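*Asks:* Let me give you the structure first, and then I'll get to my questions.
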Amino acid sequence: MANFLHKLAQPGTCRFGTWVKLGTLETLEMLALAGFDFIVIDMEHAPHTFDSAYRCIVGAQGFGMSALVRLPDANGADVQRILDSGADGVLIPRVRSADEARRAVDGMLFTPLGWRGLGITSRAGHWGLKSTADYVAHGNSSVFRGAQLEDAEALRQAEQILSVPGVNAAFVGPGDLALATGKPASHPDNAALIDALLATCRRLGVPCGTAVGDAAAARQCRDRGFAFVMVSNDASLFAKAAAGLIRSLND
């Protein structure tokens with residue numbers, strides 16, 4: 001299966017995924033059967049442990065989806081084990097400057113590019129069956145490392161952040177941007193910041209993603225030029241379907 005970065009590099013495509021807050025293999029299989037391209041295991045806003053994240057990585061990939069992990073924070077305490085678990089990549093929350101991006105990705109790159117430790121006997125190293133050269137080459141060149149830009153100043157510094165060696169994708173959260181600017185997500189000022197980010201990503205050849213709540217918004221993001229879009233999340237998909245069923249029974 002092609003890695004996620006290679007999928008995003010295919011011209012004229014937009015990959016659709018969803019956030020995963022639940023740690024069950026059954027729901028992962030349903031997402032795969034439904035046709036999602038990828039999932040993002042949310043360790044920032046859901047109660048995932050390393051063990052549950054690991055099971056989701058293995059399960060999602062076994063079902064044919066790419067598996068990203070949104071880290072709990074930008075400090076990188078868990079990133080070594082997450083990458084050695086074979087995740088296709090990570091999203092780094094709340095990156096606000098090139099210096100912060102550099103500190104975050106240093107732990108995701110092997111020496112001499114960074115300070116990630118060698119773990120050839122991990123799942124990412126095929127339990128010791130992959131050669132050290134292939135393991136290191138994959139870890140340095142094929143792992144998705146996306147910087148989440150969530151306030152106006154970070155978006156203004158997008159070119160510097162995305163030019164940091166090792167950062168190879170961008171993500172903008174319209175909800176957090178609206179919270180940071182104090183303006184609705186649809187406000188022209190926020191839209192202008194996002195349009196400028198998309199233009200920067202096109203110029204640098206970096207895929208840019210976002211998250212929305214429904215299919216109509218996802219289609220708009222695809223048409224706007226986003227390369228990957230997370231649509232809703234597994235828990236909300238279940239909750240809304242259940243609530244809609246009950247409403248229809250009570251009508």
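All of the numbers you see were taken from the coordinates with simple rules; none came from a lab. Note that the structure is a prediction, hence the values are computed from the model and not measured. Counting neighbours? That spans all protein chains shown, and the Cβs are built from the backbone with ideal geometry, glycine included.
*Asks:* With respect to the numbered conditions (1) among the aliphatic types (A, V, I, L, M); (2) buried (at least 19 other Cβ atoms within 10 Å of the Cβ); (3) closer than 29 Å to PRO165 by Cβ, which one is the sole condition not fulfilled by ALA9?
*Replies:* Going through (1) among the aliphatic types (A, V, I, L, M); (2) buried (at least 19 other Cβ atoms within 10 Å of the Cβ); (3) closer than 29 Å to PRO165 by Cβ one by one, ALA9 breaks only (2).
*Asks:* Report, ordered by the first and then the second residue, all pairs with beta carbons closer than 8 Å, sequence separation of six or more or different chains, a first member in region 86-108 that is in contact (Cβ under 8 Å) with a residue 40 or more places away in the chain, and a second member that is assigned to a helix (DSSP H, G or I) and of a type in the set (Phe, Trp, Tyr).
*Replies:* Short answer, once both residue conditions are applied: ASP88/PHE4; GLY89/PHE4.
*Asks:* Ok, one more. Provide a single number: the residues in region 102-111 that are assigned to a helix (DSSP H, G or I) and crowded, with 21+ Cβ neighbours inside 10 Å.
*Replies:* 2
*Asks:* From SER141, SER85, SER131, SER122, grab the single residue that is among the polar types (S, T, N, Q) and under 27 Å from LEU198 (Cα atoms).
*Replies:* SER141
*Asks:* Take the residues of region 118-158 that are surrounded by 15 or more Cβ atoms within 10 Å (Cβ to Cβ) and of a type in the set (Asp, Glu): which is nearest to ARG70 (Cα to Cα)?
*Replies:* That would be GLU150.
*Asks:* Might you check whether a residue that is touching a strand residue (DSSP E or B) at 6+ places or on another chain (Cβ under 9 Å) and under 20 Å from ILE39 (Cβ atoms) occurs anywhere in region 186-208?
*Replies:* yes
*Asks:* Going through region 112-163 one residue at a time, which ones are acidic (Asp, Glu) and either free of Cβ contacts under 8 Å to residues at least 40 places away in the same chain or not in a loop (DSSP other than H, G, I, E, B) (or both)?
*Replies:* Once the filter is applied, which keeps residues that are acidic (Asp, Glu) and either free of Cβ contacts under 8 Å to residues at least 40 places away in the same chain or not in a loop (DSSP other than H, G, I, E, B) (or both), region 112-163 yields ASP134, GLU153, GLU159.
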